[in-house]
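Only one structure is covered here, and it is reproduced in the block below.
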Amino acid sequence: MAARKKVTRKKVAPRKKAAPKRTPDAVIQKKVQEVRKKNAKLNALTVDLIKETAKGVHQRINRQGKPDLHFPIRSLKNVSYSQKKGYFEIGRQKKTRTLTVNTVKSFAQTLRMMGLSKEMVESNDFATKRDAYYQSKNWEDARFDEQSESDAVMDDIEAMFSIRGVSREQLRFVPDEHGGAVAGNLVVLDPDRETGEVERIDCTRFGSGAYSIPSTVEHLSFETDAKFILAIETGGVFQRLQSHKFWQSSNCILVSLAGVPTRATRRFIRKLSDECKLPVYAFVDCDPYGISNIYRTLKVGSGNAAHLSQFFCVPQARYLGVTPADIREYDLPTHPLHDVDVKRARDALKNDPFFQAHKPWQKALNDLLKMGVRAEQQALAKWGLNYVIEEYLPRKLANPGQFLP
C-alpha cells in the first residue's frame, strides 16, 4: 500500500460550544442526597455482614466446635466470562480457614481486621494498606510482622465479602495510589466529608493540567452533556488531546489510564458511564500488553481479581484502537514483537475466556502474531503531530460500529 502523504491541512479552530447550563442547587443537593442514601445502605450492609460473620464464629466456639471462614479462590482457573454481564465472574471454588493451633494467629488477625473495618465504617473513616499494617502493631500477639501478611488477610476479607456485594472500599480500606487524570466536559460534585458542602469541580478549567481522580469515588456525582468517554493509555497522548481541547471539539471526557488503570480509575469510569449513560472508548497501544492487560482489565477484569469485576469493570467499553488493521491502513512505524509479547498473545488465545468468546479479537491477535510487530499510539505522529486529533480520531469516531468488542 502506498504511504499516506503527510497532512498539510490548515489547523481548524475548535468549534465554539456554549457553556454547559449550570444545574440548579436544588438538583445538585438531590443528587448528593441520593448518593448519601445509597452509601448509607451499603454502610449498614457492610456492618451487618461483619457482625453476622463474627457472630457465627462466636456461636461455633460456644458450641465447642472449630469455627471456620470461607474465601473464594482467586485464580484464572476459578473464573468464568459472562457475556451477558460483560465481565469475569469468580467461581464456586473456595478455601477454608479453620481455627486450629496452627492457624490461631491468622484467624485472630482476620477477625481483628474485620473489627477495624467495622470501626471505620461506623466512624466514617478509612485506612490504606499501610495504615492497617501499622494499626496491627497494637494487636499484641495478633500483630503483623510484615505488610505482605496484612495485605494477604485484607485481600481474603475483600474476596469473602465481595460475593455478598461489598467491595474493599466499602470496607474502608482504600488504595494508596490515586487515580488517573480527567479533562473535558464534566463537572464533578464532591461533598465535603465533614460539612457536607458540595464542591463543583469543572474539568474544563484546569488549564494545561487535569482533575486527579481520588482514591475513592463512591461519594461523587456528576453533571455532563458529553457524548462519550475516551480512555487513553499514555500520558503523552492524553496531554496532547487535553492541550488542544479535543474534548471541546468532540464533546467528550478524556481519562488518562496511565498504563493498567488503578482501581479508582476503573471505578470512576464505570460510575460515570453508568450514571450518565455514556459509551466508553479505549485508545491504547497496539501490542499484546495494551490489548490483553490494559484493555481486557478495564473491560472484564483479571483472573486473580475476578471477585472485583462487579464493582470495577467497564463492560460497556469498546476498543477504538490502535488495531492491527490500523498498522497496515495508516502505514505506521512498528517495533518487532518480543518473546514476552508473543507468549502473552498466545496465552490470551489459548487460556483467556474473554478472547476465546470473541472471534474478532482472535483474528486481531492472530494478525498481530503473523505480522510480528507492534505499534504505539504516538506512531500516528509520523503523519503530523496533530494527525491523531485532526484525522485519526475523527475518522474512527465516525464509525464506532467497527470498534473491537
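The values are calculated or read from the model by the stated rules, or taken from the named source; none is laboratory data. Please read all numbers here as calculations on a predicted model, not as lab measurements. As a convention, Cβ positions derive from the backbone with ideal geometry for all residues, glycine included, and neighbour counts pool all protein chains shown. Only protein heavy atoms, including side chains, enter the accessible area calculation; ligands, DNA and RNA are left aside. Shrake-Rupley method; radii C 1.70, N 1.55, O 1.52, S 1.80 Å.
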Quiz item: Do you know which residues across the range 105-152 are within 27 Å of the chain's Cα centre (by Cα) and of a type in the set (Lys, Arg)?
Solution: LYS118, LYS129, ARG130
Quiz item: What are the residues in the range 279-298 that are open to solvent by 10 Å² or more (accessible area, probe 1.4 Å), modelled with pLDDT of 95 or more and closer than 24 Å to GLU218 by Cβ, if any?
Solution: PRO279
Practice problem: Among what's in the range 33-42 and is surrounded by 12 or more Cβ atoms within 10 Å (Cβ to Cβ) and among the hydrophobic types (A, V, I, L, M, F, W, C), pick the residue that is modelled with the highest pLDDT. | Solution: LEU42
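Got a sec? Which strands (runs of 3 or more DSSP E) wholly within the range 208-265 have at least 1 residues that are of a type in the set (A, V, I, L, M, F, W, C) and crowded, with 24+ Cβ neighbours inside 10 Å? Explain how you work it out, then say what you get.
Details: elements: 221-223, 228-232, 252-256.
Fully inside the range 208-265 and qualifying: 228-232, 252-256.
So how many residues does the range 322-345 have that are basic (Lys, Arg) and free of Cβ contacts under 8 Å to residues at least 12 places away in the same chain?
Let us first name the residues in the range 322-345 that are basic (Lys, Arg), namely 328, 343-344.
Now narrow it down to the ones that are free of Cβ contacts under 8 Å to residues at least 12 places away in the same chain: 343.
Final tally of qualifying residues: 1.
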Quiz item: Which of the residues belonging to the range 177-195 are closer than 22 Å to LYS38 by Cβ, open to solvent by 20 Å² or more (accessible area, probe 1.4 Å) and in a loop (DSSP other than H, G, I, E, B)?
Solution: ASP192, ARG193, GLU194, THR195
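Is there a residue in the range 358-369 that is within 30 Å of ILE163 (Cβ to Cβ), of a type in the set (S, T, N, Q) and under 26 Å from the mean Cα position of the chain (by Cα)? Walk me through how you get there before you give the answer.
So in the range 358-369, the residues within 30 Å of ILE163 (Cβ to Cβ) come out as 358, 361.
When the remaining residues are screened for being of a type in the set (S, T, N, Q), the result is none.
No - not one qualifying residue is present in the range 358-369.
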Quiz item: Are there any pairs, at least 6 apart or on different chains, whose C-beta atoms fall under 9 Å, with the first in the range 49-63 and touching a residue at least 60 places away in the same chain (Cβ under 8 Å) and the second aromatic (Phe, Trp, Tyr) and open to solvent by less than 100 Å² (accessible area, probe 1.4 Å), and if so, which?
Solution: LEU49/PHE161; ILE50/PHE161; THR53/PHE161
Quiz item: So, in the range 370-402, of the ones that are basic (Lys, Arg) and over 26 Å from the mean Cα position of the chain (by Cα), which residue ends up farthest from VAL300 (Cα to Cα)?
Solution: LYS382
Exercise. Return the residue satisfying two criteria in turn: it lies in the range 90-114 and is assigned to a helix (DSSP H, G or I) and open to solvent by less than 30 Å² (accessible area, probe 1.4 Å), and of such residues it is modelled with the lowest pLDDT.
Key: PHE107
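What residue, of VAL217, VAL237, VAL198, is within 23 Å of ILE28 (Cβ to Cβ), in contact with a Phe, Trp or Tyr (Cβ under 9 Å, 6 or more places away or on another chain) and of a type in the set (Val, Ile, Thr)? Give the derivation first.
Values: VAL237 fails: within 23 Å of ILE28 (Cβ to Cβ); VAL198 fails: in contact with a Phe, Trp or Tyr (Cβ under 9 Å, 6 or more places away or on another chain).
Being within 23 Å of ILE28 (Cβ to Cβ), in contact with a Phe, Trp or Tyr (Cβ under 9 Å, 6 or more places away or on another chain) and of a type in the set (Val, Ile, Thr) holds for just one of VAL217, VAL237, VAL198, which is VAL217.
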Practice problem: Taking the options GLU158, GLU149, name whichever one is crowded, with 21+ Cβ neighbours inside 10 Å and within 21 Å of LEU69 (Cβ to Cβ). | Solution: GLU158
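Working only within the range 162-176, note down all residues that are surrounded by 13 or more Cβ atoms within 10 Å (Cβ to Cβ) and either at pLDDT 90 or above or part of a loop (DSSP other than H, G, I, E, B) (or both).
ILE163, GLY165, VAL166, SER167, ARG168, GLU169, GLN170, LEU171, ARG172, PHE173, PRO175 - these are the residues of the range 162-176 that are surrounded by 13 or more Cβ atoms within 10 Å (Cβ to Cβ) and either at pLDDT 90 or above or part of a loop (DSSP other than H, G, I, E, B) (or both).
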Quiz item: Among the residues of the range 172-194, which ones are more than 18 Å from the chain's Cα centre (by Cα) and touching a residue at least 40 places away in the same chain (Cβ under 8 Å)?
Solution: GLY184, ASN185, LEU186, VAL187, LEU189, PRO191, ARG193
Quiz item: Since TYR319 meets every condition but one in (1) part of a helix (DSSP H, G or I); (2) touching a Pro at 6+ places or on another chain (Cβ under 9 Å), which condition does it not meet?
Solution: (1)
Exercise. Filter the range 64-76 down to the residues that are in contact (Cβ under 8 Å) with a residue 60 or more places away in the chain and over 19 Å from the mean Cα position of the chain (by Cα), then identify the one that is farthest from LEU308 (Cα to Cα).
Key: LEU69
Self-check item: Scan of the range 43-59 for residues that are surrounded by 15 or more Cβ atoms within 10 Å (Cβ to Cβ) and either over 17 Å from LEU171 (Cα atoms) or modelled with pLDDT under 90 (or both), ordered by number
Solution: VAL57
Quiz prompt | Residue that is nearest to the chain's Cα centre (by Cα) [pool: residues in the range 302-342 that are open to solvent by less than 60 Å² (accessible area, probe 1.4 Å) and acidic (Asp, Glu)] | solution = ASP341
